[in-house]
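The values are calculated or read from the model by the stated rules, or taken from the named source; none is laboratory data. Given the structure is predicted, the values throughout are model-derived calculations rather than measurements. Glycine gets a Cβ as well: all are built from the backbone with ideal geometry, and neighbour counts include every protein chain shown.
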Amino acid sequence: MPRNPLGRIAQINALSLMLITPEFYRIRRLRSSKAAKIDHRPAPFAMAPKRMQLEGLDIRYATQRSATCPTVLLLSPLPQSIICYDDIWSKLTGQVDLIALDLPGFGQSRGGKDYMTFSAQSAFLEKFIKAMELRALRKT
């Protein structure tokens, strides 16, 4: 167990200051009364993430497909996951063909150190694009 860098005197000082602070008792009372009322329902996300197996990896992605609209592919932003796109998801639904992907090793997609290079990520992305049958729009 690592040694406390503050030492015993600093710990005693912090404890004594905490005990004479009036807010401490109010917070402690609120914590115990509210602890049983925690809402365990999942957050109401507009996007509905799904899972798929690709190259033996469990990958998280989300789609809101629209065959007549241009495709927008959203990749996992560092250090977040595709869930950060939830705010814009409902605004873009119906206007574009939406696909979001947590690349291997990011968000809730599995992937080890073998996928932590640009070449491995881009090769995986190419396989995902083929698996989802995405195509570039042709101008007429």
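Within the option set ARG41, ARG31, being surrounded by fewer than 10 Cβ atoms within 10 Å (Cβ to Cβ) and modelled with pLDDT under 70 holds for one residue only, ARG41.
Say we look at region 77-86 and pick out the residues that are in contact (Cβ under 8 Å) with a residue 24 or more places away in the chain and closer than 15 Å to ALA48 by Cα; which of these is surrounded by the fewest Cβ atoms within 10 Å (Cβ to Cβ)? Across region 77-86, the extreme among qualifying residues is ASP86. Is it fair to say THR63 is among the polar types (S, T, N, Q) and under 17 Å from the mean Cα position of the chain (by Cα)? Yes; evaluated as a whole, the condition is true for this residue. Residues in region 99-109 that are touching a residue at least 40 places away in the same chain (Cβ under 8 Å) and crowded, with 16+ Cβ neighbours inside 10 Å: ALA100, LEU101, ASP102, PRO104, GLY107, SER109. Filter region 103-140 down to residues that are closer than 23 Å to ALA48 by Cα and touching a Phe, Trp or Tyr at 6+ places or on another chain (Cβ under 7 Å), then give me how many there are. Going through region 103-140 one residue at a time, the tally reaches 4.
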